[in-house]
Amino acid sequence: MDQSYNFIGTKVSALTYADLYAAIDSWISDKGSRSHNISIINSYCATLAYQNPNLARIYDQSDLIGPDAMPFVYWIRLCLGVPCDQFDGSSLLIKLAEKAKEKNYTFFLYGGDPEIVKNMKKNIESRYPYIRIVGFISPPFRLLTEQEDRDFCDQINSLKPDIILVGLGTPKQDYWIDDHIYKIRGSVMINSGALFDFFGGRIKRAPRIISILCLEWLYRLCSKDFKRLWRRYTILNLIFLWNFFLQVIGLKVIKRERLKRVEV
């Protein structure tokens, strides 16, 4: 039975890596089926979904929803009294890369600046020599033509990757996954946030102690991305905290039901 906590409308599961590995093994056993996805959620994602019904639908239809931020993990453990792991992009990739030694998972990288994604592939392969990254695509920073999109899908389908890391930024990456869940077959798609920048060498990941203390947002806010991130970590965080506070004390009911995809 799925146990989850409602963060201003988005139900985030008490997910562990054991749960994730079991799901991935089940999904990739049928390469002819539709692809599946795991959505990694933090306060920014939850706030965007609170404001945007289409994004809310995408998250609610996700095959799995895991907590990105440690505050979500702590809250789920406290309120539900069950195990829950953090699924921030970097930790997730490291765990999957380590598991690939046993399971022989294959990976595909979609997103990022051309040099960033090349460096990411190089750095991952250097750290995990056994890993199989079967390909990567750095799409242009514009709307793709139908033919370009079809060609990219054909390329990915021909390689049959088990796991596709999608790094287009939130919420663009979520829209892309939703649009391609049936176009690409038999893969697991993961919205990978800043993962491409971390492993591509553009920005440094916060030290683990910073994450444990729930201060990773402040670390990133003080980075070179201040201009891009200040609104996310100030205004949108305040919107989340205010609505979450009203929800917790019972003055506001924010409820959505998880949706199932229609199989085609």
Can you go through Ala49, Ala56 and tell me which one is in contact with a helix residue (DSSP H, G or I) (Cβ under 7 Å, 6 or more places away or on another chain), crowded, with 21+ Cβ neighbours inside 10 Å and at negative phi? Ala49
List, please: which pairs have Cβ atoms under 8 Å, are six or more places apart or on different chains, and start with a residue in the range 241-253 that is free of Cβ contacts under 8 Å to residues at least 60 places away in the same chain and closer than 15 Å to Tyr50 by Cβ and end with one that is part of a helix (DSSP H, G or I) and β-branched (Val, Ile, Thr)? none
For helices (runs of 4 or more DSSP H) lying entirely in the range 56-127, having 1 or more residues that are under 21 Å from Gln155 (Cα atoms) picks out 114-127
Could you list, in sequence order, the residues of the range 1-22 that are among the hydrophobic types (A, V, I, L, M, F, W, C) and either surrounded by 15 or more Cβ atoms within 10 Å (Cβ to Cβ) or within 19 Å of Ile58 (Cβ to Cβ) (or both)? Phe7, Ile8, Val12, Ala14, Leu15, Leu20
Has the range 73-93 got any residue that is within 17 Å of the chain's Cα centre (by Cα), among the small types (Gly, Ala, Ser), buried (at least 19 other Cβ atoms within 10 Å of the Cβ) and at pLDDT 95 or above? no
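The values are calculated or read from the model by the stated rules, or taken from the named source; none is laboratory data. Note that the structure is a prediction, hence the values are computed from the model and not measured. A quick note on method: Cβ atoms are made from the backbone with ideal geometry, for glycine too, and the neighbour counts reach across all protein chains shown.
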